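Some notes on the structure that comes next.
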């Protein structure tokens with residue numbers, strides 16, 4: 001009786017290899033979805049990052065932020081963002097405004113002040129951008145004073161432990177000499193009443209929060225704040241890294257341009273948005289060809305500043321890419337054209 005030979009024939013090996021190739025192709029296709037699937041997955045991930053940042057901000061005096069990097073990937077312009085970072089919102093710097101606060105007269109929009117921190121180095125104020133005066137001072141003999149409005153802050157120099165700073169109206173929030181009261185100046189001699197202050201600093205970049213899909217990017221040109229395409233904040237394109245910060249109540253507190261840039265490029269005041277923040281996700285190719293608003297696979301993320309609520313909506317394709325088309329696309333996104341699964 002003949003015994004069966006051991007092993008496999010060449011035909012059997014080829015059949016098995018063919019089956020393995022097919023299975024590998026199916027697995028690869030499932031783990032590398034097309035552009036439409038990548039856009040939807042990235043959109044949901046972005047919504048999750050924003051929601052978790054809002055949650056992290058709750059109850060924290062300095063809140064929490066997320067930073068949108070732009071224009072750094074090879075072949076992408078400053079209108080595209082492919083990576084987001086968690087951002088550490090440093091604790092508020094507190095201390096006393098010593099003698100030297102010079103309140104301007106007339107319609108001047110800036111004033112000089114000398115600040116001495118009690119919980120940080122004066123050098124830390126070089127990274128400050130907002131300041132509020134009043135409250136309980138460090139001196140037990142100085143009475144509490146009502147808190148002022150928040151003002152812009154720029155530290156010009158530090159001398160002998162004192163930060164020499166300029167404060168100004170938040171024109172981005174509508175402050176003017178007719179509707180904003182300067183903080184009460186400090187006094188000298190026996191009637192000295194130093195002003196307490198607390199200052200907010202620019203966020204510090206942390207670890208990566210989101211990496212967009214290989215074919216996907218956030219189109220900063222069509223991303224922006226509000227429904228008026230003529231507004232300076234209607235487009236976030238070409239404005240460096242963008243930071244969206246949530247306050248301790250979960251509301252959107254500040255949106256910043258050039259959040260990762262050196263102090264000398266931070267000339268644009270941050271804004272406390274009154275209207276929705278729109279973030280537009282599409283393919284990298286459509287960003288480069290400026291055809292994203294026509295896309296049937298693009299997706300909108302809408303952040304509502306008063307509540308911090310984040311919604312996801314499918315793009316309703318537009319015929320063009322002008323201001324009228326952008327307004328119509330945002331209107332549909334705000335109306336909640338739901339993103340299907």
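What follows is calculated from the coordinates using simple rules that are stated; it is not laboratory data. Note that the structure is a prediction, hence the values are computed from the model and not measured. Here Cβ is always computed from backbone atoms with ideal geometry, including for glycine, and neighbour counts include all displayed protein chains.
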### Segment residue 319-residue 78, extension gain: residue separation times 0.36 nm, minus the distance between their alpha carbons
84.3 nm
### Alpha-carbon centroid distance for the pair the stretch 281-321 / the stretch 200-264, whole angstrom
16 Å
### Task
Run the quick spin-label model on residue 288 and residue 166: label points 7 Å from Cα toward the beta carbon, then report their separation in nm to one decimal.
4.2 nm
### Message
Once you place label points 7 Å from the Cα toward the Cβ at residue 52 and residue 109, how far apart are they in nm?
### Response
3.9 nm
### Message
Given R₀ = 51 Å, what would the calculated FRET efficiency be for residue 173 paired with residue 9, taking r from the Cβ atoms and rounding to 0.05?
### Response
0.05
## Note on the structure
Each label sits 7 Å from Cα toward the beta-carbon; between residue 207 and residue 230 the label points are separated, in nm, by 4.7 nm
### Message
Multiplying the sequence separation of residue 331 and residue 36 by 0.36 nm and subtracting their Cα-Cα distance, what value in nm do you get?
### Response
104.0 nm
### Query
By how many nm would the segment from residue 147 to residue 274 grow when fully extended, if each residue of separation counts as 0.36 nm and the alpha-carbon distance is taken off?
43.5 nm
## Note on the structure
Cα gyration tensor of the stretch 217-286 diagonalised, 5x eigenvalues square-rooted, in angstrom largest first, produces semi-axes 19, 16, 12
### Query
By its C-alpha gyration tensor, with a ≥ b ≥ c as the square roots of the eigenvalues, how is the stretch 40-102 shaped: rounded for a/c under 1.5, else prolate for a/b larger than b/c, else oblate?
oblate
### Task
Taking every pair of Cα atoms in the stretch 208-341, average 1/r, invert it to obtain the Kirkwood radius, and report Rg/Rh to two decimals.
0.95
### Query
Taking R0 as 35 Å, what's the FRET efficiency between residue 88 and residue 181 from their Cβ-Cβ distance, rounded to 0.05?
0.60
